[in-house]
Each structure stands twice: as structure tokens, then as C-alpha cells.
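Chemist: Provided herewith is a single structure, encoded as C-alpha cells, for subsequent inquiry.
Quick note: the coordinates plus some simple rules give every number you see, no bench work behind them. Not measured: the values here are computed from a predicted model. Glycine also receives a Cβ, built like all others from the backbone with ideal geometry; neighbour counts cover every protein chain displayed.
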Amino acid sequence: MKEDIDVYLIATDTIVSCVAADIIKEILEDDGFIVKFNPNIDIIKGLQVKNKEQFISEGLSNLIKRINEILGDYSENVAFNISGGYKAIIPYFTMMAQINGCDTYYIFEDTEELINIPAAPITIDIEMFEKYNREFTELSSCIDNYSKWRENHYEFVNKARSCIEIADNIACLSPIGEILWVNYKSRYNIFLATKNVIEKN
């Protein structure tokens, strides 16, 4: 039933995408769907292709946060339509869908054939996040002097290289790292304590 389906539209930080979202919203609503598109939160700031650094550090980060807000606690009832938008976004959408157990749908540009990519049995390396939860926590707030920090976290850096984004000796979670870290935190409670507190218990 169409009235049982909520459609969330996400727009890139461009005029064309905003106009397209408004048109799609109107068409879908006329067809009986419930469509949710709030320009204040669904136009993803920084999600553009003119500035690569802004795209990675701001655009993708804001996109990941918004998608996780939409997913909430009901990811098993969510499907991703990745047909529109920048091609650079598709791998991140696909990854988020897979690790959250969501189906993904795609329509090729020159045809109307709908392709379904079902959720695969993908699991996160929980042990790595448990072992290095302090490092991931620090990276989520960004690290100012990465070269010095790396010297004391050499093993972690080697194992989690794809999760780290570095610019001007400042390190933060990469988009992939943020996707995995947010997913891990949503499933497990994290408690950080000093070595002395742990030893006392």
C-alpha cells in the first residue's frame, strides 16, 4: 500500500538537485505516496563536486549523519534508491545499505529496468572496534597533531588506514570510518575508563 510507505528525498547542495527534489515530491504525492523532504535538513550542506575537500569532510559527513537519522532503529524496513545524484555518492550509499541490512535499488540511465541488490550477510569486525574504541573516539573529534599521535598508535593506523582521513596533519574519521563507527556505536554501549579504574574493578 502506497500510504504505508514513507519516501525520504535527499538533495545535494545544488539548485538543480533542490528543484528536482521538489518536482519528484510533487509527482510522488500526486501518486499517493507520503513524501518527506525538509530543505532545512534534507539539502545536504557541502555535498557538491566543485570542492573535493569540502565534499569529503563536510558533504559526506553530513550525508552519513542524515541517513543515520532516517534509519533510526528501523533499518530492516528501509530500502535505498541510489538511481539519482552524484556517482561518487553511490559507493557510500551502497555500503551504508549493506552494513545496515537494507536492500538497494538502481535504475540504469538508458533503460527502465529496476535492479535490486539484496542485503548481504556482512558483519563488522567487532573485535577491532572493541580493541581500538579509544582511537576511534579520538578520531571522531579529529586529532590536531596526527604525525605525533600516529607514533603512539602505529598498530591501529596500519589496521584501520581506510578509516582515517588526513589533511594538513589533522586526522579525522574518513567517510568509511564514520559509517562503520556510527554503525558500531548504534549497536553497542561504549564505556571508556582509565587503566587505574579498570584495575580497581
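Chemist: Rounded, prolate or oblate: which fits segment 82-152 when a ≥ b ≥ c are the square roots of the eigenvalues of the alpha-carbon gyration tensor, with rounded for a/c under 1.5 and prolate only if a/b beats b/c?
Modeler: Note, shape of segment 82-152 comes out oblate.
Chemist: So what's the convex hull volume per residue for the Cα atoms of the chain, in Å³?
Modeler: Considering the Cα atoms of the chain, their hull volume per residue is 156 Å³.
Chemist: Calculate, in nm to one decimal, what Lys185 and Lys45 gain on full extension: separation in residues at 0.36 nm each, minus their alpha carbon distance.
Modeler: Gain in length upon complete extension: 48.0 nm.
Chemist: Hey, another quick one. Report the chymotrypsin sites (Phe, Trp or Tyr not before Pro) located in segment 93-181 that are in a DSSP loop and have at most 10 other Cβ atoms inside 10 Å of their Cβ, or state none.
Modeler: Phe108
Chemist: What is the magnitude of the charge dipole of the chain about its Cα centre, with +1 placed on the Cβ of each Lys and Arg, -1 on the Cβ of each Asp and Glu, and no other charges, expressed in debye to the nearest 20?
Modeler: Using Cβ point charges on Lys, Arg, Asp and Glu, the chain gives about 1040 debye.
Chemist: OK, next. Starting from the Cα-Cα distance between Asp168 and Glu53, subtract it from 0.36 nm times their residue separation and give me the gain in nm to one decimal.
Modeler: Value of the extension gain: 40.3 nm.
Chemist: From the helices alone, meaning DSSP H stretches of at least four residues, give me the mean residue ellipticity at 222 nm for the chain, per-run term -39500 (n - 2.57), in deg cm²/dmol to the nearest 500.
Modeler: One gets -12000 deg cm²/dmol as the mean residue ellipticity at 222 nm.
Chemist: Same structure, new question: Under a no-solvent Debye model with one identical scatterer per Cα of segment 2-117, what's log10 I(q)/I(0) at q = 0.12, 0.19, 0.23 Å⁻¹?
Modeler: So the normalised log intensities are -0.43, -1.16, -1.63.
Chemist: In addition: Within the chain, what's the longest stretch lacking trypsin sites (Lys or Arg not before Pro) that sit in DSSP loops with no more than 15 other Cβ atoms inside 10 Å?
Modeler: Of all site-free stretches, the longest is 51-201.
Chemist: Along the positive direction of the dipole of the chain (beta-carbon charges: Lys, Arg +1; Asp, Glu -1; about the Cα centre), which of Leu63, Ile24, Phe80 reaches farthest?
Modeler: The one lying farthest along the dipole's positive direction is Leu63.
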